[in-house]
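The next block holds one structure in the form of structure tokens; read it before the comments.
Values in this text are rule-based calculations from the coordinates and carry no lab data. Predicted model only: the values in this text are computed from it and were never measured. When we count neighbours, we look across all protein chains shown, and the Cβ atoms used for this are built from the backbone with ideal geometry, even at glycine.
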Amino acid sequence: MVGMAGERQERDIWYWYHNISECYYHIQLTVKYRKALLNEDVQRIIKATMTGYKERYTLDISEIGFDKDHLHILCRFLPTHSGGDVVRLIKSTTAKELFTFIPSIKKELWKGEFWTDGYYIATISGKGTTETIRRYIRNQGRTKDADQLTLFQLDS
């Protein structure tokens with residue numbers, strides 16, 4: 001199967017010009033101070049900002065799942081990029097667009113940073129199948145989670 005910009009795909013193998021990759025990543029980013037700012041307008045701007053990442057940055061976003069104060073991304077990028085570089089790219093481009101189109105959002109954030117300094121990143125193979133992560137990301141923001149674990153104390 002051949003796609004745009006020299007891309008060919010067979011299952012989860014990504015052929016991009018002279019590169020071949022099977023690496024999917026699960027990235028989680030949190031809004032600064034865990035503020036619940038990921039409303040529909042913010043989500044729309046973030047999605048629009050990420051459109052074109054594949055051709056522009058060789059960063060393929062497969063899924064985005066939003067909760068009120070954090071988001072999950074299923075993506076893949078060539079091993080020529082580091083995970084930290086990709087996270088910095090996502091944070092900087094989305095924050096810049098958010099502050100441009102919704103300048104009032106800065107009032108919610110001291111110092112004007114949208115994202116926390118930290119992040120979570122993992123390869124899929126070590127944490128489950130790609131489909132498991134897709135379902136997890138798609139179910140972000142649900143008000144009722146199925147099969148939620150219950151915490152309890154063990155008697156000593």
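Quick rundown of the values:
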read-out	value
Sequence-distant lysines (8 or more away, or on other chains) whose Cα lies within less than 18 Å of K68	K32, K35, K47, K91, K106, K107, K144
Measure of compaction for the range 87-127 (Cα Rg per 2.2 N^0.38 Å)	1.46
Per principal axis, descending, Cα span of the range 23-138 in whole Å	40, 27, 23
For the range 24-54 versus the range 74-125, the gap between their alpha-carbon centres in whole angstrom	7 Å
Rounded if a/c under 1.5, otherwise prolate or oblate - the range 14-83, Cα gyration tensor axes	prolate
Within the range 5-109, trypsin sites (Lys or Arg not before Pro) in DSSP loop having at most 12 other beta-carbon neighbours inside 10 Å	R11
